[in-house]
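See below for the structure under consideration.
The values are calculated or read from the model by the stated rules, or taken from the named source; none is laboratory data. Keep in mind that this is a model prediction, so the values were computed, not measured. We place every Cβ from the backbone using ideal geometry, glycine too, and count neighbours over all the protein chains shown. Protein only, heavy atoms only, side chains kept; ligands, DNA and RNA dropped before computing areas. Shrake-Rupley method; radii C 1.70, N 1.55, O 1.52, S 1.80 Å.
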Amino acid sequence: MKLGLMLPAAISVMMLSNVTLAQQRVLDLTLYTSDFGIVHDKRELQLEDGVNEITLGDLPRTFNPETVYVEFEGRILEQSHDMGSGNWAEDIYKRLRGKEIRLISESGEVIEGTLQAHQYGQLIVEDRDGAFVYLSNAGNYRLHTEEDPSPAVQTQMHWTLESEQGGVQPLSLYYQVSQMQWSSGYLLILEEDEETMTLENRATIINRSGMDFPDVRVRLVAGAPDVSEPKGYTMARSGMMAEDRESSSIGPESFFEYYVFELPGRIHLADQEQKQVALHRAAAIPALKHYRYATGSVGQVNRNNNNSVRVEFRLTNNEDFKLGRPLPGGLVKAYQKNDELMEFIGEDRLEHTPAGQDFTLSAGRAFDVTAEEKQIRLEELSPRVREEEREITFTSRKEKDITVEVHLQLYQNEELTGSSIPAREVEARRYVFEVPVTGEAESTLTLQLRRSN
């Protein structure tokens, strides 16, 4: 009978045993953007029929024992784990307690004997004459020993388990690990003629778990599962950049309410490593550049930051824009080709964008297009009604004619009573005006607004 057991956090400590572990091991890793991942560790154990005591090594320093889930032909009776202190010196001296050591100071003083106690860099050594030597700072000495102290910092899990059969059998171990995460980022490359652009989606994977993952299959989850503190367990199914070609992608798989990107093949993910992998690249995207100006309600003249006109790119996540796939949220850095160089032109943040959805990427403020907004009339029609007339004048130093979209947002007690250019109401009390601006000229939009108190 195959049993799965979710183990509690508080478990008594067990002694280590000498049960042989088979060498075969397969690792799968599912990473989330919330600084944690799920490891699926498949191993083979050499077990005896009945009760066995074993030690599992090669675990990340940041693994969460509360999230352990295991499947094999039997059941776990008891579990403990040793995660080390996180301090190399403390872990080394802990392992060497009761062992022969040799300490040499910078001045050449030699102390030899059996390490009896240690705490926070303080040592008590029993020398060969039976005398005890107290050292207040072990950091002043070089340590020599015939023992290998390095396993002291390795995270280990100790099990007492009951197996229903003897011999080699497979075991599936799931657990959550922290200080591992991935994030999505984009590069937008605008061509010099500003007709088309390229959008590259890259995943950045960070491993600070304290363990190398030498040959691991990696899956990246795009979404926002709820996570408590400490982070709870979520069961998951278990040359860096892509070639420079017209279009390439790692297709996402729908999973619950999220999407999963499975990287091709297996990769080496070293501890303290940051790795980038290409998820998608779409070239020859139409570059639909727009100019946008935002203004507000009655009396809020010059509410726009420095009267700035912003430059935006409007896209739709469909095949017409070489997209049409779920886009994980991330920072978009935009560049434009300039002869043989690439110049930075702005950045924006893209939210999670499903297929078929419109989205906008802002590059920054236009330099050659300016706005001046002023109130030309403010009249009290009654004690409860006030009316305002406002002018917004746009000046362009560009050779080409452009159109500036003016976005007006009003409160519930306000209304638009007139305008020099027809308005388009895109949603309740939010209006858009398309103001044509001729090159090297000015254009003015006039608004009549009314507020009732």
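Things worth noting here:
- Spin-label pair Val426-His290: with each label point 7 Å from Cα along the Cα-Cβ axis, the two points sit 0.5 nm from one another.
- Cβ-derived FRET efficiency at R0 41 Å, Glu262 paired with Thr395, nearest 0.05: 0.20
- Stretching Ile345 away from Gln412 to a fully extended chain increases their span by 20.4 nm, per 0.36 nm per residue minus the current alpha-carbon distance.
- Computed accessible area, His144, all protein chains, 1.4 angstrom probe, square angstrom: 80 Å²
- Projecting label points 7 angstrom from Cα along Cα→Cβ for Leu378 and Tyr134 puts them 7.9 nm apart.
- Other residues lying with their Cβ under 15 Å from the Cβ of Asp82 contribute a combined charge of -1, Lys and Arg counting +1, Asp and Glu -1.
- Placing dummy labels 7 Å off each Cα toward the beta-carbon, the span from Glu112 to Lys42 is 5.3 nm.
- When each of Lys42/Lys94; Lys289/Lys400; Lys289/Lys333 is checked by Cα-Cα distance, pairs over 20 Å: Lys42/Lys94
- Probe 1.4 Å - accessible area at Ser382, Å² to nearest ten: 40 Å²
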